[in-house]
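S.K.: This is the structure I have questions about; it appears just below.
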Amino acid sequence: MPEMVVTNDDLSKIMDTSDEWISSRTGIRERRLAREETTASMSVTAAKRALENAGITAQEIDLIIVGTITGDYVTPSTACEVQAALGADKAVAFDINAACSGFMFALHIADAYIKTGVYKTALILGAETLSKIMDWNDRSTCVLFGDGAGAAVVRSDETGLLAYDQGSDGARGTVLTCRSRENNNPFVKNPTEPSYTHMDGQEVYKFAVTTVPASIKKVVGEAGLTIEDIDCFALHQANIRIIQSVAKRLKAPEEKFPTSLDHCGNVSAASVPILLDEINRKGILKPGMKIVLSGFGGGLTWGSAVLEW
Ligand code: UT7
């Protein structure tokens, strides 16, 4: 994550908001915002730590996928920038755009390549510099998001990914949008709306609290397990109330839902891998544990997986 910490009180000094509003509605207390850091630089740092943690070299990577909607360039992709920085010259590298589900979609793509024998070792990332696509005059969105990156190495093994569910609902995509850059072509007229994030928070909230529990129930069933069998639910960190509602709908204790949103905010595609890394480094995850990962957001998109740690 970037170095700069911005608290809710810091925000209340530059806009009409308060720690009370932000923390009671969302659970967010502070977030990290990039100044010097870029989507690629944070990705490279996360990638190096993931390789070290997995005990492999960059030469062993066959595939690099970055889930991001805030790459530094339209081209080259963030994944190609990561490849170059790591010297992973045997890898094929590309980005995918699935907003907050980006890391989960990357996981599923990596799994499919590995299962079909095309590649053996993948490096997957979720990375975002959301602060550059926020409208800093819109207090209803800019206070929610943060910047950061997370990475994981995925390899073929006996255990690991037990089941996967993903979906998209493009017909409801207008509830969370960010228009592309302005067009410089003299033959066309630019749309009047600016290229910042716009969200109908309540519609996204309703989508999340219905779709996520349904997706988790489905994927847990497909893994041949019950909700009681799951030791830990690592969900996309958008709002503590969404997480509490999902826990309630699944009839699972809230203690099984670790959080990082209080100090990260919503980091879109980066939130699931950052949370996973935090709970891994805290020693919460033990071999054999059954874990659910779930991401959801813009597109609309969602993806859930059951892992055996
Ligand atoms: O990662 C993508 C997934 N995204 C999400 O999951 C987001 C899901 N949605 C949410 O988490 C919630 O809808 C929000 C946290 C975004 C908003 O909570 P809400 O309870 O739906 O609030 P609201 O939008 O209905 O706004 C309530 C009031 C409004 O004032 P009035 O009209 O009642 O006078 C807003 O103007 O809160 C006001 N408000 C604020 N006040 C202080 C909106 N933003 C702020 C703010 N500070 N930052």
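S.K.: Taking the stretch 137-157, which residues are surrounded by fewer than 19 Cβ atoms within 10 Å (Cβ to Cβ), within 13 Å of residue 11 (Cα to Cα) and hydroxyl-bearing (Ser, Thr, Tyr)?
M.R.: 140
S.K.: Still on this structure, please answer the following. Which residue, of 122, 85, 106, 79, is surrounded by fewer than 17 Cβ atoms within 10 Å (Cβ to Cβ), in contact (Cβ under 8 Å) with a residue 40 or more places away in the chain and away from the ligand (no atom under 16 Å from the Cβ)?
M.R.: Selected residue: 85, the only one of 122, 85, 106, 79 that is surrounded by fewer than 17 Cβ atoms within 10 Å (Cβ to Cβ), in contact (Cβ under 8 Å) with a residue 40 or more places away in the chain and away from the ligand (no atom under 16 Å from the Cβ).
S.K.: When residue 28 is evaluated against the numbered criteria (1) within 14 Å of the ligand (Cβ to nearest atom); (2) more than 18 Å from residue 133 (Cα to Cα); (3) in a helix (DSSP H, G or I), which criterion, by number, is the only one it fails?
M.R.: All conditions are met except number (3).
S.K.: How many residues, within the stretch 5-45, are of a type in the set (S, T, N, Q), within 23 Å of the chain's Cα centre (by Cα) and farther than 26 Å from residue 93 by Cα? Talk me through it step by step, then tell me what you get.
M.R.: Of the stretch 5-45, the ones of a type in the set (S, T, N, Q) are 7-8, 12, 17-18, 23-24, 26, 38-39, 41, 43, 45.
Filter again for within 23 Å of the chain's Cα centre (by Cα), leaving 7-8, 23-24, 26, 38-39, 41, 43, 45.
Narrowing the set further to residues that are farther than 26 Å from residue 93 by Cα leaves 7-8, 23-24, 26.
Residues meeting the conditions: 5.
S.K.: Anything in the stretch 46-61 that is touching a residue at least 12 places away in the same chain (Cβ under 8 Å) and under 22 Å from the mean Cα position of the chain (by Cα)? List them, or say none.
M.R.: We begin by selecting, within the stretch 46-61, every residue touching a residue at least 12 places away in the same chain (Cβ under 8 Å); these are 46-51, 53-54, 56, 58-61.
Matches in the stretch 46-61: 46, 47, 48, 49, 50, 51, 53, 54, 61.
Readers should treat all values here as calculations from the given coordinates under stated rules, not as data from a laboratory. Because the structure is a prediction, the values reported are computed rather than measured. Positions of Cβ are backbone-derived with ideal geometry, glycine not excepted, and every protein chain shown enters the neighbour counts.
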